[in-house]
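Here's the structure we're looking at; comments come further down.
Every number in this text was worked out from the coordinates using simple rules, so none of it is lab data. Remember, predicted model here, so these are calculated numbers, not experimental data. When we count neighbours, we look across all protein chains shown, and the Cβ atoms used for this are built from the backbone with ideal geometry, even at glycine.
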Amino acid sequence: MTVTSTAASPQVASREVSLELIGLSRRFGSVVALDGLTFSVPPGQVFGFLGPNGAGKTTAMRAIFGVVALEAGQVRWHGQPVTEQARRRFGYMPEERGLYPSMQILEQLEYLGRLHDMTAASARDAARRWIKRLGLAGRESAKLEALSHGNQQRVQLAAALMHDPELLVLDEPFAGLDPGGVDDMTEILAERARAGVTVLFSSHQLDLVEHICEAVAIIHRGRVVAQGAVADLERGDRPRLAVRVAGDQAGDWAARLDPGVASVEQVNSGLVILTLAPGADSQKVLDAARAAGAVEHFSFASRRLSEVFRDVTGEEA
Amino acid sequence: MSEPGGKHSVNRKWIRLTAIVADREIRQRGRSRAFAVSTIVLLLVVAAGVVIPAVLAHTAKPQRVGIVGGQTAAMTEIVREAGHLTGTGVTVVPQPSLAAGEAALRSGQLDVVLVNNSEVVVKQVSVADSSGSGGGLASAIADVAGLSRLVGQLPPGAADRGVTLPVRGLTPPSASLSRRLTGLFTVVLVWVLISAYGSQIAMGVGEEKQNRIVEVILASVRPIQLLVGKVTGIGVLALAQAALMVAVFLGLGAAVGSSLAHGAAPGIVIVGAVFLVLGYAFYCTAFAAAGSLVSRQSDVGSVILPVQVPLIVAYALSYTVIYANGANLFYKVLGFFPPTAPVAMPVLYAAGDVPAWQAAVSAVLVAAGTVWMARIAATIYGRSILRTGSRVRLRQVLARGEAA
């Protein structure tokens with residue numbers, strides 16, 4: 001099942017596109033990691049990249065940085081194929097975190113900044129700034145291995161942010177973060193997006209994604225199975241209603257509804273969840289409910305992102 | 001996004017990024033405790049190697065000198081004077097005939113035989129000995145005896161024949177022991193530095209692969225830049241350490257008057273330096289490629305062993321050349337085979353078994369081999385550095401069309 005709501009969200013479609021993944025394909029032996037993966041990300045947005053384990057998220061992110069070879073497809077940045085020079089303006093937080101354990105964090109960040117075309121002086125300034133911002137002031141000369149796991153994650157984030165990247169690609173940035181770290185990460189991602197940075201991140205924590213992202217792409221077996229604004233995906237193409245009629249614990253009134261209007265999904269102690277038939281008018285349901293008794297509750301019920309995810313992938317996040 | 005500035009600026013950027021990688025290696029390793037400790041230990045070994053033989057030489061065991069013909073008292077006086085000049089204790093043993101003296105030389109009962117007014121005989125003359133150096137007692141006796149002949153008799157034509165008596169060896173001449181020991185010093189230096197720094201390269205690559213920073217770095221630089229930067233940085237440290245050791249060797253040698261440093265003719269130092277650099281260049285990329293095959297640093301040891309085998313063979317066999325008279329054909333072949341030449345050729349040259357032009361030919365062969373090795377190693381490294389999981393097999397990496 002494929003859900004595409006791009007057409008239903010003109011504000012996304014009309015926006016300029018910064019990052020495009022076009023027809024990416026890659027196999028590892030008999031395993032298909034990417035199967036013509038195509039989606040695009042607008043600038044100035046926090047974009048979620050979702051999919052079950054093994055769906056190809058990490059391979060796709062690596063492809064953006066050219067650290068995995070593609071059999072077919074192209075990654076484009078502002079309409080041009082990505083060059084080495086463009087990549088040095090990207091920031092990357094790989095799934096498998098990696099820094100030098102025995103190197104001092106200030107030096108380490110400075111080194112990584114210089115590899116992204118910063119001068120030694122500006123790299124040092126940026127390193128100090130990010131160390132402070134991430135609550136690690138005073139630990140500049142500490143070796144990475146001397147820091148707690150959560151703090152090592154913060155240094156890893158700083159490494160991705162050092163050079164003020166135009167594109168931030170973060171693979172599972174929330175994995176292993178404590179609640180304080182999650183808040184910091186959320187704040188920084190939102191702030192970067194407001195500054196016009198394109199932010200793409202993958203996550204299994206759909207509650208977080210729902211909260212942070214404006215739009216998502218859900219992939220499964222190397223292909224996009226759903227994409228669009230989070231609000232649109234949650235509304236879906238067939239709106240759902242939650243209705244309660246006083247005194248009708250079994251929801252008998254709803255069972256008598258014309259299937260051409262709505263069908264019952266579930267009844268929870270009198271609260272009936274209905275899926276509206278395509279093109280049907282929700283007011284007909286309200287009329288039927290009022291005919292059966294006093295309507296105590298009537299609302300549109302949006303689906304959770306996790307339900308959308310389950311529907312399109314057949315798996316739990 | 002097009003690269004502005006054309007090829008020139010791209011090259012400069014290429015070098016700049018590579019230099020940043022090299023700079024990190026030098027800073028991080030140069031101030032590590034391991035580097036300081038290894039430098040101190042190596043310098044102490046070098047110092048001991050120079051000073052101890054020199055100290056022992058001053059308390060050398062008395063030399064037994066045979067005399068043939070002439071007046072025993074006068075000849076004993078000549079030998080004593082020569083012993084005094086060279087700081088050597090002497091015991092004079094009159095011989096009934098030259099034949100008896102030569103027999104005693106061969107059996108080791110005598111060290112030198114002075115034949116009245118005609119010559120000085122020793123078991124073996126050193127090929128590289130210029131007058132006055134290395135020969136020690138025998139040449140001193142020749143000098144003193146020659147002088148006394150000149151002063152005492154002034155026979156017609158004495159000036160034509162020169163003052164000093166000829167020194168004759170019973171067996172064919174060979175390179176002096178000090179020259180050979182200098183060769184040994186060179187070989188130990190080449191072997192220790194290539195092995196030690198090669199292991200560091202492989203461990204460093206393994207570390208980057210194990211802790212996955214390689215993915216962060218390769219998002220902004222190419223694998224070849226990371227590879228070249230790493231081996232250049234570590235190479236600078238290796239050469240600095242080598243230069244320090246050679247300086248201490250020559251400086252201390254001159255200070256204590258060691259015959260070991262005396263034997264360090266400029267030729268041996270130059271050949272040693274050239275083959276140290278070439279040997280490092282040949283092996284550094286191979287060690288890096290080996291390190292890139294494993295996913296855990298602890299597995300590095302097993303993959304670098306095959307890389308070291310040619311060095312181990314050449315190093316082990318070098319002792320047979322240093323203490324033998326003339327290298328065998330097999331060892332000479334090793335001197336021209338790029339993987340073994342960095343160790344074998346300095347030995348052959350120091351032992352006087354090959355002339356300078358052959359060392360130059362060997363250097364060209366190693367340089368060509370280095371280019372070949374670097375290409376293969378860069379391919380292996382580039383294809384395996386991002387592969388995790390089980391150890392990467394060479395066959396997989398070199399298979400046609402394979403990529404990360």
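With the cut-off at 24 Å, tell me which of the pairs B:K209/B:K230; A:K57/B:K230; A:K143/B:K13; A:K143/B:K230 have Cα atoms farther apart than that.
Long pairs (Cα-Cα over 24 Å): A:K57/B:K230; A:K143/B:K13.
Would you mind giving the three semi-axes, in whole Å and largest first, of the ellipsoid equivalent to the protein assembly as shown according to its Cα gyration tensor?
Value: 85, 22, 20 Å, ordered largest first.
Once amide H atoms are built 1.01 Å from N in the peptide plane, which residues 5 or more positions from B:T340, or in another chain, come under 5 Å H to H?
Correct list: empty.
Calculate the all-directions average of the projected area of the stretch A:238-303's alpha-carbon convex hull, and give it in nm².
3.7
For chain A, compute Rg over Rh where Rg is the Cα radius of gyration and Rh is the Kirkwood radius from the inverse mean 1/r over Cα pairs.
With Rg and the Kirkwood Rh in hand, the quotient comes to 1.08.
How much mean residue ellipticity at 222 nm does the protein assembly as shown get from its helices, if each DSSP H run of length 4 or more adds -39500 (n - 2.57) and you divide by all residues, to the nearest 500 deg cm²/dmol?
So the calculated ellipticity at 222 nm is -17000 deg cm²/dmol.
Taking the Cβ of B:G204 as the centre, find all other residues whose Cβ is under 9 Å away and add up their charges (Lys, Arg: +1; Asp, Glu: -1).
Once positives and negatives cancel, what remains is -1.
Whole-Hz Karplus ³J(HN,Hα) for the stretch A:237-244, in order, using 6.51 cos²θ - 1.76 cosθ + 1.60 and θ = phi - 60°, x for Gly and Pro?
Result, rounded to whole Hz: 7, 10, x, 10, 10, 10, 9, 10.
Rg and Dmax of the stretch A:174-317 over Cα atoms: what are they, in angstrom?
For the stretch A:174-317, the Cα-based Rg and Dmax read 19.2, 54 Å.
Quick query: amide H of A:V225 versus all other amide H atoms, modeled in the peptide plane; which residues come in under 5 Å with a sequence gap of 5 or more or a different chain?
Result for A:V225 returns A:I218, A:I219, A:H220.
Per-residue HN-Hα couplings for the stretch A:20-35, Karplus 6.51 cos²θ - 1.76 cosθ + 1.60 at θ = phi - 60°, whole Hz, x for Gly and Pro?
Along the stretch A:20-35, the couplings run 10, 10, 10, x, 5, 10, 7, 10, 10, x, 8, 8, 8, 8, 10, 10 Hz.
In what sequence do B:W357, B:W191, B:W372 fall when counting other Cβ within 10 Å, fewest first?
The fewest-first ordering by Cβ neighbours comes to B:W357, B:W372, B:W191.
Can you list the residues, at least 5 places off or on another chain, whose amide H is less than 5 Å from the amide H of B:G169, using H built in the peptide plane?
B:V122, B:V125
Mind listing the phi-derived Karplus ³J(HN,Hα) values for the stretch A:134-144, rounded to whole Hz, using 6.51, -1.76 and 1.60 with θ = phi - 60°, and x for any glycine or proline?
8, x, 10, 3, x, 9, 3, 9, 6, 6, 4
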